[in-house]
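Everything on this sheet refers to the single structure shown next.
Rule-based calculations on the coordinates, nothing more; no lab input. This one's a predicted model, so the numbers in the text were calculated from it and none came from an experiment. FYI the Cβ positions are ideal-geometry reconstructions off the backbone, even for glycines, and counts take in every protein chain you see.
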Amino acid sequence: LSDDKTLARIENGRKSLAPLQATPLTVGEATGGAVDLRNPATGEVIGSVVQADQDCVARAMSDAAIWDAPVTERAAILRKAADLYERDFGVIFALLAREAGKTQLDAVGELREAVDFLRYYAGEAERRPDALPLGRVTAISPWNFPLAIFTGQIAAALAMGNAVLAKPAEQTPLIAAHAVALLHEAGVPRSALQLLPGDGPTVGAALTSDPRIDGVVFTGSTETAKRIQRAMAKNLTPGAPLIAETGGLNAMIVDSTALPEQAVRDIVASAFQSAGQRCSALRCLYVQEDIAPALIEMIKGAMDELAVGDPWELATDVGPVIDREAKTQIDAYVAGRSAQVLHRLKAPNAGTFVAPTLIEVAGIEELEREIFGPVLHVATYKARDLDKVIDAINATGYGLTFGLHTRIDDRVQQVCDRLHVGNLYVNRNQIGAIVGSQPFGGEGLSGTGPKAGGPCYLDRFATPQGPQVAGTWEAPMDAAAIQR
Ligand code: UN1
């Protein structure tokens with residue numbers, strides 16, 4: 001990243017961004033009002049988006065047409081799109097920094113993941129030459145991976161020949177518009193991929209309740225997933241799948257046999273990289289009490305080394321949170337727990353920075369909800385209570401990521417046998433799943449599966465033929481009856 005040529009390309013990308021605008025990329029004319037977008041690091045207006053309205057959605061719905069090209073052609077076009085994403089990395093990094101507050105490190109990972117999704121699903125589609133598309137698929141994506149998850153959902157649906165109606169997160173339509181423009185440039189027909197920026201109550205509701213929709217792919221909060229599921233149950237084609245990846249209350253256990261330096265590095269990365277704005281991020285750390293005082297001191301020291309600031313600076317580790325609403329909520333949460341704060345950094349006053357914070361808790365049951373920011377909770381446990389700790393983690397109802405630091409092989413098995421979780425990481429950090437080699441998805445309240453970037457994912461975007469793949473759309477989310 002630091003050679004002169006690369007930096008110059010990124011800088012050029014940044015300069016070429018003004019003025020920034022996104023409009024609905026539908027087949028027909030865009031309609032709706034314009035909304036300003038702000039750089040979370042500075043608060044300055046960086047562009048605007050024309051939101052889709054009911055009319056726009058209705059027209060997009062009737063203009064949508066399945067992508068009726070041979071699978072080899074679809075795959076070739078998705079691979080071409082991957083090449084175009086790589087060609088445009090300077091603009092993409094700049095958009096990620098300015099619209100989503102992404103650090104350069106995060107931007108590299110995000111672009112890599114998006115490109116991997118395009119190429120991986122192209123290859124997976126070729127392994128299913130006889131599969132038939134569902135029809136119209138709604139893709140609703142989050143702001144925290146405005147390129148990677150946005151692209152992953154779309155690439156999976158398109159690879160199987162579906163017509164995609166994509167609603168990007170309200171905070172990140174510019175990066176979405178750029179991605180869709182590249183997919184169109186690569187050869188995806190406009191009728192097979194339409195972008196509909198807008199809010200949940202207007203665009204999201206229309207795109208999940210219209211009986212002409214044949215499937216929904218969603219990443220975001222568990223609450224929204226439940227709302228979508230209710231809308232779908234009422235109106236949609238029976239059996240239309242909801243492929244959802246939702247929230248988590250992710251824990252890590254560090255026992256007294258762990259290597260402290262490695263554990264601390266992995267704890268800090270899992271909790272604070274991306275300013276904690278990953279569904280996979282570590283929220284509640286359990287440290288065996290014998291080593292807790294020393295390990296907590298090391299965590300504080302490692303936190304002090306974090307550079308919090310302008311995401312455009314190469315040295316920055318932690319950028320801003322996505323918007324003022326997020327900052328206000330997280331700061332209020334921390335203020336409410338001020339007596340339990342063990343350590344808090346300083347954050348820049350401009351923009352929407354939140355100071356990375358360490359909070360002491362008795363256990364994960366104290367976390368009432370997912371705090372989507374740079375806030376880590378820490379609890380201690382006695383060796384004999386390990387099973388109780390795992391039971392408490394299971395009792396949250398979530399099951400997305402989990403980290404374990406130990407040198408005892410039997411303990412890995414003990415945890416595996418007892419814990420309900422989608423992604424279990426041993427002696428490493430618990431973020432940054434790799435497309436293809438390490439599929440990503442959750443259990444219980446954390447999603448419906450199958451895992452994104454895994455071999456079963458594309459089957460959900462096709463009309464079921466023969467035996468269904470594991471997991472039906474209603475089952476895992478209904479187990480969401482586990483209400484706390
Ligand atoms: C999310 O944050 O919404 O493994 C999911 C990871 C990412 C998580 C993405 N794939 O950290």
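Data overview
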read-out: Relative contact order of the chain, pairs being alpha-carbon contacts under 8 Å that are 6 or more residues apart, as %; value: 16 percent
read-out: Additional length obtainable on full extension of the chain from Ala8 to Asp130, 0.36 nm per residue less Cα span; value: 39.3 nm
read-out: Spin-label pair Asp410/Glu86, simplified geometry with 7 Å Cα→Cβ offset, distance in nm; value: 4.9 nm
read-out: The chain - charge dipole about Cα centre, Lys and Arg +1 at Cβ, Asp and Glu -1, debye rounded to 20; value: 440 debye
read-out: Acute angle (nearest 10 degrees) that the helix 386-395 long axis makes with the longest principal axis of the chain, alpha-carbon atoms; value: 30 degrees
read-out: Under 11 Å, Cβ to Cβ, from Asp317 - net charge with Lys/Arg +1 and Asp/Glu -1; value: -3
read-out: Rounded to 10°, Cα long-axis angle of helix 292-304 versus longest principal axis of the chain; value: 50 degrees
read-out: Ala65 paired with Lys382, simple spin-label distance in nm, labels 7 Å along Cα-to-beta-carbon; value: 7.1 nm
read-out: Within region 212-252: Cβ-based charge dipole about Cα centre, in debye rounded to nearest 20 (Lys, Arg +1; Asp, Glu -1); value: 220 debye
read-out: Gained length - Arg418 relative to Gln54, 0.36 nm times residue gap less alpha-carbon distance; value: 126.3 nm
read-out: Rounded to 5, the percent of DSSP beta bridges in the chain classed as antiparallel; value: 25 percent
read-out: ³J(HN,Hα), Karplus 6.51/-1.76/1.60, whole Hz, each residue of region 97-102, x for Gly, Pro; value: 5, 7, 8, 10, x, 6
read-out: Packing-based exposure ordering (other Cβ within 10 Å, fewest first) of Ile46, Ile253; value: Ile46, Ile253
read-out: Virtual spin-label span in nm between Glu365 and Thr72, 7 Å along Cα→Cβ; value: 6.1 nm
read-out: Order of Ser209, Ser446 - criterion: other Cβ atoms within 10 Å of each residue's Cβ, fewest first; value: Ser209, Ser446
read-out: Ranking of Cys456, Cys56 by count of other Cβ atoms within 10 Å, fewest first; value: Cys456, Cys56
read-out: For Leu400, distant residues with modelled amide H under 5 Å away; value: Leu249, Gly422, Glu443
read-out: Förster radius 56 Å - calculated FRET efficiency between Thr257 and Val45, Cβ distance, rounded to 0.05; value: 0.60
read-out: Environment charge at Asp3 (Cβ cut-off 14 Å; Lys +1, Arg +1, Asp -1, Glu -1); value: 0
read-out: The chain: angle of helix 71-87 to the longest principal axis, Cα-based, in degrees nearest 10; value: 60 degrees
read-out: For Ile46, residues with placed amide H under 5 Å, excluding near neighbours; value: Leu37, Arg38, Asn39
read-out: Cut-off under 5 Å, modelled amide H: who pairs with Val164 long-range; value: Val137, Leu193, Gln194
read-out: Check: region 165-274 dipole with +1 on Lys, Arg Cβ and -1 on Asp, Glu Cβ, in debye; value: 480 debye
read-out: Mean ellipticity per residue at 222 nm, deg cm²/dmol - from DSSP H runs of n ≥ 4 across the chain, formula -39500 (n - 2.57); value: -11500 deg cm²/dmol
